[in-house]
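Asker: Here you go, one structure.
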């Protein structure tokens, strides 16, 4: 059987008696028109392998297998889906690798070395709602740097990742993400696009690595500074950053100590991080 001969996803789920598990934050995309659009927005993939987390029944996986990616590596924690994904692997002619595991613990560098000859890896995933943010932080601050990412989150989280200063969504997540990558929302999806429909809308964020990515030390300092600043976001920086130097720190960084965190742009926070002293 080839990919073109596979039955529709709903039939495959029914045949295996599978449903989404709330405990895993699962909401499936079964419309191949939608998943193909996500794959187009996530590309191009020439010269790259793709890592997909939480493929479930493989709706997005099928679309990724149609791209020019050299290899598609899926990481699935829910063992119920492994037989179904194995059927997809057999139909993919050697292009699909199925890995059972927890994406929070996976070594992406090792995966790519073992299964894709060390090719650069792009991440494309409809992330499980309950681990989306921890996974993003791992990929932003961990030892492995993705070649690019197109990730689906709850709409509220997606807006935070791409938020600009002065907006209600602006905060730690957006600052850390945008220090490492450019970030923009490229697609919105209503709840009805999923099976079962979640209680909220979703969105796809495309993240591309910045050439001027901060060093690991500055990034760690940025996490400390933003934690303090947004931990008391209604306070002026001279108060919220008091433990890190307060007014003196702001003066050294050229940032208004009477401003609140929500109006300080990324360059301002990077100056604060540098002034606070990297590890």
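Each reported figure results from applying straightforward, stated rules to the coordinates on display, with no laboratory input. Note that the coordinates shown come from a computational prediction; the quantities given were computed from them, not determined experimentally. No Cβ is skipped: glycine too gets one built from the backbone with ideal geometry, and neighbour counts run over all protein chains shown.
Asker: How compact is the chain by the rule of thumb for globular proteins, expressed as Cα Rg over 2.2 N^0.38 Å? Each step should come with its number before you reach the end.
Answerer: Details: Rg = 20.4 Å, N = 279, 2.2 N^0.38 = 18.7 Å.
In units of the 2.2 N^0.38 Å rule of thumb, it is 1.09.
Asker: Continuing with the same structure: I need to check one value: relative contact order of the chain, counting alpha carbon pairs closer than 8 Å and at least 6 residues apart, in percent.
Answerer: Numbers: 520 pairs, mean separation 41.3, N = 279.
It rounds to 15 percent for the chain.
Asker: Considering only the chain, what is the antiparallel percent among its DSSP beta bridges, to the nearest 5?
Answerer: Working: 16 of 33 bridges.
Beta bridges within the chain, antiparallel portion: roughly 50 percent.
Asker: If each residue's Cβ is checked for other Cβ atoms within 10 Å, how do 76, 100 rank with the fewest at the top? Could you put the intermediate results ahead of the total?
Answerer: Values: 76 23, 100 13.
Neighbour counts put them in this order, fewest first: 100, 76.
Asker: Would you mind pulling out the separation of the Cα centroids of segment 131-163 and segment 53-106, in Å?
Answerer: If you average the Cα positions of each part, the centres end up 20 Å apart.
Asker: What ranking do 242, 95 get, fewest neighbouring Cβ atoms within 10 angstrom at the top? Please report the intermediate quantities before stating the final value.
Answerer: Numbers: 242 14, 95 18.
Sorted ascending by nearby Cβ count, the order is 242, 95.
Asker: Relative to the longest principal axis of the C-alpha atoms of the chain, give the angle of the C-alpha long axis of helix 216-231, reported between 0 and 90° and rounded to the nearest 10°.
Answerer: Once rounded, one gets 70 degrees.
Asker: Note down the relative contact order for segment 216-276 as a percent, whole number, built from C-alpha pairs under 8 angstrom at least six residues apart. Please list the in-between numbers first.
Answerer: Values: 82 pairs, mean separation 24.8, N = 61.
Value for segment 216-276: 41 percent.
Asker: Separate question: How would 1, 187, 149 line up from fewest to most surrounding beta-carbon atoms within 10 angstrom? Each step should come with its number before you reach the end.
Answerer: Numbers: 1 10, 187 18, 149 24.
With the fewest neighbours first, 1, 187, 149 line up as 1, 187, 149.
Asker: Measuring from the lowest to the highest alpha carbon on each principal axis, how far does segment 74-172 reach, largest first, in angstroms?
Answerer: Computed over the Cα atoms, the extents are 50, 28, 21 Å.
Asker: Could you state, as a whole-number percent, how many of the C-alpha pairs of segment 169-267 are farther apart than 23 Å?
Answerer: Numbers: 1934 of 4851 pairs.
Pairs farther apart than 23 Å: 40 percent.
Asker: So what's the angle, to the nearest 10 degrees on a 0 to 90 scale, between helix 32-42 and the longest Cα principal axis of the chain?
Answerer: Once rounded, one gets 40 degrees.
Asker: Moving on. Segment 216-276: D in µm²/s via Stokes-Einstein (Kirkwood Rh, Cα pairs, 4 °C, 1.567 mPa s)?
Answerer: Working: Rh = 10.8 Å.
For these conditions, the coefficient is 120 µm²/s.
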